[in-house]
Each structure stands twice: as structure tokens, then as C-alpha cells.
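Following: one structure in C-alpha cells, then a few remarks.
The values are calculated or read from the model by the stated rules, or taken from the named source; none is laboratory data. What you are looking at is a predicted structure, and each value in this text was computed from that prediction instead of being measured. Every residue, glycine among them, receives a Cβ derived from its backbone with ideal geometry; neighbour counts consider all protein chains shown. The area values use the complete protein model at the heavy-atom level, side chains included, leaving out ligands, DNA and RNA. Shrake-Rupley method; radii C 1.70, N 1.55, O 1.52, S 1.80 Å.
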Amino acid sequence: MSPSIEQLEQMVADLLTEAKKLGASAADAAVSRSAGLSLTVRMGETETIEHTRDQGLGITVFFGQRKGTASTTDLSPAAIREAVDKACTIAKNTSEDDCAGLADATLMAKDYPDLDLHHPWPVSPDEAMHTALQAEQAARDLDPRISNSEGATLSTQSGSFIYGNSHGFVGGYPTSRHTLSCVVLSEDGDCMQRDYWYDTRRDWRKLATPESIGRKAAQRALAKLHGRQLGTRQAPVIFRADIAPGLLRGLTSAIRGHAQYRQASFLLDALGEQIFPDWVEIREDPLIPQGLSSAPFDNEGVATYPKSLIRNGRLETYILDSYSARKLGMQTTGNAGGVRNLSMESNAMDLEQMLGEMGKGLLVTELMGQGLNPVTGDYSRGAAGFWVENGEIQYPVEEITIAGNMKDMFRQLVAVGSDDDIPGSVRTGSWWIENMTIAGN
């Protein structure tokens, strides 16, 4: 039987006691455990069934301002003691770092809320197979041009995360995540295209129906058939809502404390500056019930809280853990471990209205490559999508490159759509950028 949250919390507390016995002036530790099922069907047959079980433990110790870290996937008492001993040995042989140490004790989470993150799914392999088959069959039944499938996959996972430190904080919570996806190929003559769709939730009962996921995967694959190239030009560009979160991640990577103190950001020292039009609002809310990135405390035990990253187009805060905060002479923002549940407010148009307002330009539905220079903000990505004229989609396009500078792209943001009902932890609608370079044939 797997240990309970209480037993794992006691394991962390014992770890911290062991570190103190070995002379550490401070320490923190985290333990995670998870178990799950992943099943894939392809062309009406079960292809893979995987039962997963993972666990891990990490311990960080401080001898003054010298730091050592060790980890193990073996949670036996002997292996845990060995990990603590290794961390202490590393710390004793490491040079001092003025910014090393635990987060401030006064910032530790207290009486944190239950965010309703745990909804285990007692699904059997037979039930999982039936659900995945429904998704794939719905895609294959939509149109005879759906000629092949890369499969439909159902995965379900349930686990626990526990963190503690020598400030006396020990806390943990259980989580679950369930995902259903479908990938199919369309074919017409000598043209073949691939596309997918999916849904992911904390509560399996809220997943989209298998039929809707399959149909959407098929519709997306069919829409891409007979793509054309474009000639090189300047034009407005709309990034569809399922692509737009990547632009928000470009923002968050630039305002992370580690990028700022290393001077490796295209938004260096931009705190308080106007970087978007004044209608833009971007928030983080780690406390959304059932949110895919929700957490009552960060990876240092600091209480998380909702905050504005961008207000009236201005950068309100960096994204800081305790180390980067000390480097910058600031205070942690409770973001050790990353950003949790980003959202961007729409200025009231859906995608169809945005296309009508744009009139002529490119709707991007797929991006390839990693084309952002984090220091300069230069942006260049392989792309595919649809060419729009007279406010309506005319034909699919492929084998093109879109380019610009992310600072300019932020400033030239014309609209954010209300079509923000996409799966994931980033909520944003489609982005309409006033002008970008499109390179084609």
C-alpha cells in the first residue's frame, strides 16, 4: 500500500532532522509519488498499455551559505540517509554563495486552502480502451479522407507532493490529471496532413467527450489539405488560441528573475515599463480550484497568491524565487517552480470577428522550431495556417516562416479573442498582431 500524505510528511520531517544531526544549518526536502495508466489504441486495436509508478525525493542542505543537493528514487530509510549524507558532503565542499538559503520564514504558507486537485479515476484497462476507441472511431467516421491514425491515448495519473524545510514548514497535497487525445491523418490524392486534439483535466468527469475530441482532430487534419506556399510579404498575423500560449510563455521567460539577474532577457530592467497596449491585462492565479497548475504553496513553501503580471499594459512584477529575488535585491513572488495558471483578458471579439476585422492576413495554426532569441527578442518560426482575404479563410498555407521581434509584437497587439476555451493552464484567446514578416517562396 502506498504511504499516506501524513506518512510522507513524516518522512520529510525525519529527513530534515537527519540533516540537522549531520551539522546542516538549514535544509529543505520534497517527496513526490504518482501512479497511473496510459493506454493507446490505433486503427481499432489496442497498441500499448502502460501502468506507471514513479517516486522521487530531493534534499537540499545549507552549511551557512554553502549548498548541497542530492536526490533518489529509492525511498527506503537507508537510501534516504545516504542522500542526506551526499548532500551534506557536497555542501561542505562547495564555495559560499551570498544569496543561498531558504526563503524567508515569515513567507511560509499557513492555513492554505484545499484547491480540489485530487479526483482519482478508477478506470480499468477495458474501460480506457473503450473510451480511446470511441475517440478514434469518431475521427475515422467523419470523412473517408481520414485515411490513417496515429492513435488515441487515454492517460490518468494520481499522486502526492510533499515539501518541508527547517523553518518548521511541512505541507503536502494530492493531485490528479487525466488526458484524452487523438491524432489522425487526412489524405486526398498525393496530399497528406496530420493533426490532433485533446483535453486534460484534474477531474475526469469534466473531460470533453471522446466523440468531440475525435471529430475535432479529424476536422483539423482535413482543413490542412492542399496547403499552398505564400510569397514573402508583410502582413497582419493572428495566432490561433491553441498557439497563442507560446507567446505568453515568451513573456514569462523574459521576466523571470534568473533571466533578469543574468542579463539574458529582451525585457531587461523593464519593471514598470509599458510593454503592451494599455488595455492588456495578464494575471497569474495559483489558487483556482481544480486548476492544472494550481498550488497552495510554491517549491520553497512560500504561500502563493493571485497577482497581475501586466496591468494597463505595464509590467507589474518579475517572477521570482528566493534566490533570484536576493540577486535583484527584491522579495520572492512565490514562484519557485514556475508560473501557475496564467490568464489574459480578451477585448471582446471572437475569432470569426477578428478575421472579419483583419480583412487580409495570416491565421497561424501551427508553429515549428524554437525560434526566440531570449536576449534580443528576435522571433522566427516555421509556420502553417490559413490565408485570409475579405475577412474569410481562403486556403491553407504551409512551408512558410514568420518573423519579427517579440517586443514589437507585444506593442503591436491589436486584439485578444474571447475564444479562450482551450485545454491547459494558460487561458488566452487568439492574438492579432498588426504586422509581421512572412517568408515563403
Next on the checklist: Yes or no: the range 67-84 includes at least one residue that is under 30 Å from Ala139 (Cβ atoms), open to solvent by 70 Å² or more (accessible area, probe 1.4 Å) and either part of a strand (DSSP E or B) or touching a Leu at 6+ places or on another chain (Cβ under 6 Å) (or both).
Outcome noted: no
Checklist entry - Does Ser380 qualify as being at pLDDT 95 or above and of a type outside the set (A, V, I, L, M, F, W, C)? => result yes
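For (1) among the small types (Gly, Ala, Ser); (2) open to solvent by 20 Å² or more (accessible area, probe 1.4 Å); (3) under 30 Å from Thr175 (Cα atoms); (4) touching a residue at least 40 places away in the same chain (Cβ under 8 Å), each residue gets a yes or a no:
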residue	(1), (2), (3), (4)
His258	no, yes, yes, yes
Asp269	no, yes, no, no
Gly291	yes, no, yes, yes
Ile319	no, no, yes, yes
Next on the checklist: Just the residues that are surrounded by fewer than 22 Cβ atoms within 10 Å (Cβ to Cβ) and under 30 Å from Gly214 (Cα atoms), please, taken from the range 150-173.
Outcome noted: Glu150, Gly151, Ser155, Gln157, Ser158, Gly159
Checklist entry - Among the numbered criteria (1) under 24 Å from Gly429 (Cα atoms); (2) crowded, with 17+ Cβ neighbours inside 10 Å, which single criterion is violated by Gln274? => result (2)
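Might you let me know whether the range 46-58 holds any residue that is hydrophobic (A, V, I, L, M, F, W, C), more than 30 Å from the chain's Cα centre (by Cα) and surrounded by fewer than 20 Cβ atoms within 10 Å (Cβ to Cβ)?
Of the range 46-58, the ones hydrophobic (A, V, I, L, M, F, W, C) are 49, 57.
Those left that are additionally more than 30 Å from the chain's Cα centre (by Cα): none.
Within the range 46-58, not a single residue is hydrophobic (A, V, I, L, M, F, W, C), more than 30 Å from the chain's Cα centre (by Cα) and surrounded by fewer than 20 Cβ atoms within 10 Å (Cβ to Cβ).
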Checklist outcome for this item: Those residues of the range 392-403 which are surrounded by fewer than 20 Cβ atoms within 10 Å (Cβ to Cβ) and out of contact with any helix residue (DSSP H, G or I) (no Cβ under 8 Å at 6 or more places or on another chain) amount to Gln394, Tyr395, Glu398, Glu399, Thr401, Ala403
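Every residue, every condition in (1) surrounded by 20 or more Cβ atoms within 10 Å (Cβ to Cβ); (2) touching a helix residue (DSSP H, G or I) at 6+ places or on another chain (Cβ under 7 Å); (3) of a type in the set (A, V, I, L, M); (4) more than 30 Å from Trp197 (Cβ to Cβ), yes or no:
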{"site": "Lys224", "(1), (2), (3), (4)": "yes, no, no, no"}
{"site": "Gly227", "(1), (2), (3), (4)": "no, no, no, no"}
{"site": "Arg233", "(1), (2), (3), (4)": "no, no, no, yes"}
{"site": "Val237", "(1), (2), (3), (4)": "yes, no, yes, no"}
{"site": "Asp242", "(1), (2), (3), (4)": "no, no, no, no"}
{"site": "Arg249", "(1), (2), (3), (4)": "no, no, no, no"}
{"site": "Phe266", "(1), (2), (3), (4)": "yes, yes, no, yes"}
Item to check | Tally, over the range 9-53, of residues that are in contact (Cβ under 8 Å) with a residue 24 or more places away in the chain and within 22 Å of Thr156 (Cα to Cα) | outcome: 18
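Counting residues that are closer than 30 Å to Lys206 by Cα, which strands (runs of 3 or more DSSP E) fully inside the range 217-336 reach at least 3?
282-284, 307-311
One line per residue, one yes/no per condition, for (1) closer than 28 Å to Tyr305 by Cα; (2) surrounded by fewer than 17 Cβ atoms within 10 Å (Cβ to Cβ); (3) not hydrophobic (A, V, I, L, M, F, W, C):
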| residue | (1), (2), (3) |
| --- | --- |
| Val339 | yes, no, no |
| Glu357 | no, yes, yes |
| Asn373 | no, yes, yes |
| Trp387 | no, no, no |
| Asn390 | no, yes, yes |
| Val414 | no, no, no |
| Asp419 | yes, no, yes |
| Ile422 | yes, no, no |
| Gly429 | yes, no, yes |
Item to check | When residues of the range 174-192 are limited to those that are of a type outside the set (Ser, Thr, Tyr), assigned to a strand (DSSP E or B) and open to solvent by 30 Å² or more (accessible area, probe 1.4 Å), the one farthest from Glu300 (Cα to Cα) | outcome: Asp188
Next on the checklist: Condition (residue is assigned to a loop (DSSP other than H, G, I, E, B) and out of contact with any Lys or Arg (no Cβ under 6 Å at 6 or more places or on another chain)) applied to the range 394-407: is it met by at least one residue?
Outcome noted: no
Checklist outcome for this item: Within the range 14-45, restricting to residues that are over 24 Å from the mean Cα position of the chain (by Cα) and hydroxyl-bearing (Ser, Thr, Tyr), the one that is farthest from Pro122 (Cα to Cα) is Ser25
Next on the checklist: Checking the conditions here, which among His119, His130 is farther than 22 Å from Gln10 by Cβ, free of Cβ contacts under 8 Å to residues at least 60 places away in the same chain and not hydrophobic (A, V, I, L, M, F, W, C)?
Outcome noted: His130
Checklist entry - Being closer than 15 Å to Pro423 by Cα and free of Cβ contacts under 8 Å to residues at least 40 places away in the same chain, is that true of even one residue in the range 143-156? => result no
